[in-house]
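First comes the structure, then the notes that go with it.
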Amino acid sequence: MSDTRVLYTLLVALVALGRLFELRVAARNRRRLLERGGIEVAPGHYPWMVALHTTLLISCPLEVWFLNRPFVPLLAGAMLFLLIVAAALRWWVISTLDGRWTTRIVVLPGVAPVTGGPYRFLRHPNYLAVILEIVSLPLIHTAWLTALVFSLANALLLRMRIRAEETGLSRVSGYEAAFADRRRLIPGGGG
């Protein structure tokens with residue numbers, strides 16, 4: 001059991017390193033967007049988002065180690081697959097948005113919203129990736145309490161963030177018309 005805990009902790013550390021790399025990309029993109037006349041929208045929630053994601057990465061191994069969560073191979077395999085799907089979706093978003101991807105909400109006045117890549121299917125594919133990650137990463141080693149608590153906290157945060165992002169985009173671009181036929185988080189037609 002301790003071997004799986006060590007491997008799991010290393011996996012969480014690898015995910016954390018990936019997030020640090022993404023933060024560097026996001027900071028560079030944010031700086032460039034602001035130089036191009038971008039406007040940051042609703043920055044007040046950002047520290048809460050950082051806190052949520054940081055404490056998630058800490059909570060995952062803590063629950064496994066201190067609450068002696070078992071390793072269930074079938075569950076671990078399914079959740080690892082889901083984590084890989086989430087990562088692939090996130091990188092598809094990052095490559096589709098190119099220099100417009102950031103962890104903050106920055107809108108470019110007069111610039112049409114991106115509607116290609118995963119945005120052909122839904123309005124917020126990056127948030128779907130985050131939802132999948134918050135469920136799958138803890139459950140790889142049955143840290144169900146972390147998965148539950150952080151999924152609920154993330155739902156509250158995303159509700160606020162999506163509303164702010166859509167309002168900001170609607171003010172400066174043709175966002176509403178471009179995405180009228182797409183759902184927010186689940187692929188398919190309609191709002």
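Using the structure shown, decide if Trp101 is aromatic (Phe, Trp, Tyr), in contact with a Gly (Cβ under 9 Å, 6 or more places away or on another chain) and modelled with pLDDT of 95 or more. Steps first, please.
On the way: aromatic (Phe, Trp, Tyr): yes; in contact with a Gly (Cβ under 9 Å, 6 or more places away or on another chain): no; modelled with pLDDT of 95 or more: yes.
Against the criterion (aromatic (Phe, Trp, Tyr), in contact with a Gly (Cβ under 9 Å, 6 or more places away or on another chain) and modelled with pLDDT of 95 or more), Trp101 does not qualify.
Please find, within region 1-56, the residue that is nearest to the chain's Cα centre (by Cα) out of those that are surrounded by 14 or more Cβ atoms within 10 Å (Cβ to Cβ), part of a helix (DSSP H, G or I) and β-branched (Val, Ile, Thr).
Val15
Restricting to region 23-45, count the residues that are in contact with an Asp or Glu (Cβ under 9 Å, 6 or more places away or on another chain) and either at positive phi or not charged (D, E, K, R) (or both).
Our first condition is that a residue be in contact with an Asp or Glu (Cβ under 9 Å, 6 or more places away or on another chain); within region 23-45, this holds for 29-30, 33-34, 41-42.
Next cut, either at positive phi or not charged (D, E, K, R) (or both) only: 29, 33-34, 41-42.
Result for region 23-45: 5.
Would you confirm whether any residue within region 144-166 is of a type in the set (Val, Ile, Thr) and crowded, with 21+ Cβ neighbours inside 10 Å? Steps first, please.
Of all residues in region 144-166, those of a type in the set (Val, Ile, Thr) come to 146, 149, 162.
Filter once more, keeping what is crowded, with 21+ Cβ neighbours inside 10 Å: 146.
The answer is yes, given that some residue of region 144-166 is of a type in the set (Val, Ile, Thr) and crowded, with 21+ Cβ neighbours inside 10 Å.
Considering (1) at pLDDT 95 or above; (2) in contact with a Phe, Trp or Tyr (Cβ under 9 Å, 6 or more places away or on another chain), say which one Arg30 fails and leave the rest.
Failing condition for Arg30: (2).
When you scan region 100-191 for helices (runs of 4 or more DSSP H) that lie fully inside it, which ones turn up with 3 or more residues that are charged (D, E, K, R)? Break it down stepwise before answering.
Details: elements: 125-139, 144-172, 175-178.
It comes to 144-172.
Exactly one of these conditions fails for Leu97: (1) assigned to a helix (DSSP H, G or I); (2) of a type outside the set (Val, Ile, Thr); (3) farther than 22 Å from Val25 by Cα; (4) under 15 Å from the mean Cα position of the chain (by Cα). Give me its number.
(3)
Do the conditions hold for Glu133, that is, is it among the acidic types (Asp, Glu), closer than 22 Å to Leu80 by Cα and touching a residue at least 24 places away in the same chain (Cβ under 8 Å)?
Numbers: among the acidic types (Asp, Glu): yes; closer than 22 Å to Leu80 by Cα: yes; touching a residue at least 24 places away in the same chain (Cβ under 8 Å): yes.
Spelling it out, Glu133 is indeed among the acidic types (Asp, Glu), closer than 22 Å to Leu80 by Cα and touching a residue at least 24 places away in the same chain (Cβ under 8 Å).
The values are calculated or read from the model by the stated rules, or taken from the named source; none is laboratory data. Please read these numbers as outputs of a predicted model, since none were measured by experiment. Don't worry about glycine lacking a Cβ; one is built from the backbone with ideal geometry, like all the others, and counts go over all protein chains shown.
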